[in-house]
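Peer 1: I'd like to ask you about the structure that follows.
The values are calculated or read from the model by the stated rules, or taken from the named source; none is laboratory data. The shown structure was predicted, so the numbers you read here are calculated from the model rather than taken from an experiment. Positions of Cβ are generated from backbone atoms using ideal geometry, with glycine treated the same way; all protein chains shown enter the neighbour counts. Calculation scope for accessible area: heavy atoms of the full protein, side chains included, ligands and nucleic acids excluded. Shrake-Rupley method; radii C 1.70, N 1.55, O 1.52, S 1.80 Å.
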Amino acid sequence: MPSNNRQEQMNEMYNRHAQAYAKVVKDNDYNAEFERPTTLAMLDRVMSDLTGKNVLDLGCGSGEYVAELLARGARVTALDLAAPMVELVQQRFVGDARVHCYQQDLALGLPLEQDGQYDLVLSPLMVHYLEDQRPFFAECARVLKPGGRLLFSTHSPVADAEASPSGNYYAREAITEQWDTVGVPVTVTFYRRSLSEQIGAVTQSGFVITALEEGTPTKRLRQRSPETYQRLTTQPNFLFVMAQKMR
Ligand SMILES: C[S@@+](CC[C@H](N)C(=O)[O-])C[C@H]1O[C@@H](n2cnc3c(N)ncnc32)[C@H](O)[C@@H]1O
């Protein structure tokens with residue numbers, strides 16, 4: 001699905017810097033030593049063996065999670081808005097019949113996916129790019145089997161409140177920042193919202209929340225980047241949510 005110019009601009013990090021992003025997230029502090037270990041620990045606590053399970057990875061980026069899901073035995077459908085990310089994943093897992101990857105703007109739902117076919121929907125660090133999350137979570141519920149799981153991570157509403165342009169914690173707002181993730185400053189726009197709006201979008205879409213965490217960095221990070229470790233163990237940064245589709 002072709003994306004329009006506004007989406008391409010908003011998604012510049014993942015469109016123009018896909019290769020650099022792919023390299024960085026393999027081994028950086030925030031993804032490799034904090035976000036992925038927390039998300040995967042939450043997953044493994046509930047369903048570590050994914051043999052024969054159908055998993056939908058929404059906002060798959062360069063495919064770090066696709067690799068983790070395959071290692072646990074899953075069949076993976078991976079979607080992303082950024083065409084370069086989709087190409088990276090298709091190349092990385094070429095010839096592996098367990099992986100199907102295609103371009104999709106998740107603000108427009110999951111028009112190519114049928115009802116009730118997935119055991120798990122995983123969406124790490126993507127939902128803050130959606131202005132309205134309600135239709136997205138409703139689509140996640142639609143494609144899950146009864147009792148299926150949803151696991152996602154996002155920015156902490158508490159941490160993002162500090163960057164509120166209006167100072168109104170309860171307003172939903174676009175925030176534009178410069179991030180140095182790939183070694184050069186890149187403009188990134190995402191949405192912040194209150195904790196009640198974030199959680200309500202999930203619970204009002206047919207899910208019960210079964211776990212909510214704020215993340216634990218690895219011991220390795222303490223050795224490697226003591227300042228980042230100190231920050232991540234004393235200040236909020238991400239929010240991690242596991243939910244189950246009501247039967
Ligand atoms: C921070 S990256 C996370 C990638 C991957 N989930 C990971 O954790 O390694 C966010 C991803 O979400 C994708 N994304 C942003 N907005 C999207 C949208 N509206 N529809 C689909 N994907 C989107 C971006 O292209 C990018 O690949």
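Peer 1: Determine the distance separating the Cα centre of region 136-154 from the Cα centre of region 176-247; give it in Å without decimals.
Peer 2: Going from one Cα centre to the other spans 18 Å.
Peer 1: Can you pick out the pairs among LYS53/LYS245; LYS53/LYS145; LYS26/LYS53 whose Cα atoms lie more than 21 Å from each other?
Peer 2: LYS26/LYS53
Peer 1: Whole-Hz ³J(HN,Hα) for each residue in region 109-119, computed from phi via Karplus 6.51 cos²θ - 1.76 cosθ + 1.60 with θ = phi - 60°, x for glycine and proline: what do you get?
Peer 2: Once θ is set to phi - 60°, the couplings for region 109-119 become x, 10, x, 9, 9, 7, 5, x, 10, 10, 8 Hz.
Peer 1: If R₀ is 35 angstrom, what is the calculated FRET efficiency for the pair ARG98 and TYR170, using the beta carbon separation as r and rounding to 0.05?
Peer 2: The calculated FRET efficiency here is 0.20.
Peer 1: Right, another one. Can you tell me the length gained on complete extension of the stretch ARG220 to ARG247, counting 0.36 nm per residue apart and subtracting the Cα distance?
Peer 2: 5.7 nm
Peer 1: Given a 1.4 Å probe and every protein chain left where it sits, what share in percent of the accessible area of the chain is carbon and sulfur?
Peer 2: That fraction is 50 percent.
Peer 1: Calculate, for the chain, the solvent-accessible area per residue in square angstrom, rolling a 1.4 angstrom probe over the heavy atoms of the protein chains.
Peer 2: Dividing the accessible area of the chain by its residue count gives 46 Å².
Peer 1: Give me the net charge of PHE93's neighbourhood, meaning all other residues with Cβ under 14 Å from the Cβ of PHE93; Lys, Arg count +1, Asp, Glu -1.
Peer 2: Here the charged neighbours net out to -3.
Peer 1: Still on this structure, please answer the following. Determine ³J(HN,Hα), in whole Hz, for all residues of region 51-65 in sequence, where each value follows from phi through the Karplus function 6.51 cos²θ - 1.76 cosθ + 1.60 and θ = phi - 60°; x replaces Gly and Pro.
Peer 2: Working through the residues one at a time gives 4, x, 8, 9, 10, 10, 9, 9, x, 6, x, 8, x, 4, 6 Hz.
Peer 1: Could you name the lysines in cross-link range of LYS23, using Cα to Cα under 27 Å and dropping any fewer than eight places away on the same chain?
Peer 2: Qualifying lysines at Cα under 27 Å: LYS219.
Peer 1: Let me ask you something else. Quick one: the Cα spread of the chain along its three principal axes, in angstroms, biggest first?
Peer 2: Cα extents, longest axis first: 42, 41, 37 Å.
Peer 1: Additional query: I need to check one value: relative contact order of the chain, counting alpha carbon pairs closer than 8 Å and at least 6 residues apart, in percent.
Peer 2: 21 percent
Peer 1: Continuing with the same structure: Assign unit charges at the C-beta atoms only (+1 for Lys and Arg, -1 for Asp and Glu), then state the dipole size of the chain relative to its Cα centre in Debye, rounded to the nearest 20.
Peer 2: 640 debye
Peer 1: Give the shape of region 18-138 as rounded, prolate or oblate, defined through the alpha-carbon gyration tensor: a ≥ b ≥ c are the square roots of its eigenvalues, a/c under 1.5 means rounded, and otherwise the shape is prolate if a/b is larger than b/c and oblate if not.
Peer 2: Taking the square roots of the gyration eigenvalues as a ≥ b ≥ c, region 18-138 is rounded.
Peer 1: Given +1 on the Cβ of Lys and Arg, -1 on the Cβ of Asp and Glu, and no further charges, what dipole in debye does region 184-247 carry about its Cα centre, rounded to the nearest 20?
Peer 2: Once rounded to the nearest 20, the dipole reads 220 debye.
Peer 1: Ok, one more. Taking GluC sites (Glu not before Pro) as exposed when DSSP calls them loop (any state but H, G, I, E, B) and at most 14 other Cβ atoms lie within 10 Å, what is the longest stretch of the chain free of them, the sites themselves excluded?
Peer 2: Longest site-free region, per DSSP loop and neighbour criteria: 1-130.
Peer 1: Leaving ligands, DNA and RNA out of it, work out the accessible area of MET246 with a 1.4 Å probe and give it in Å² to the nearest 10.
Peer 2: Approximately 100 Å² for this residue.
Peer 1: Let me ask something additional. Would you mind counting up the charge near GLN19? Only other residues with Cβ under 13 Å from its Cβ, with Lys and Arg at +1 and Asp and Glu at -1.
Peer 2: Its environment carries a net charge of +3.
Peer 1: Let me ask something else about it. Could you give the length gained by full extension between ARG134 and THR51, i.e. 0.36 nm per residue of separation minus their alpha carbon distance, to one decimal place?
Peer 2: Gain on extension, ARG134 to THR51, equals 26.8 nm.
Peer 1: What is the local net charge at PRO111, summed over the other residues whose Cβ is closer than 14 Å to its Cβ (Lys, Arg +1; Asp, Glu -1)?
Peer 2: Net charge around PRO111: -3.
Peer 1: Distance in nm between label sites at ALA71 and LYS23, each 7 Å beyond Cα in the beta-carbon direction?
Peer 2: 2.2 nm
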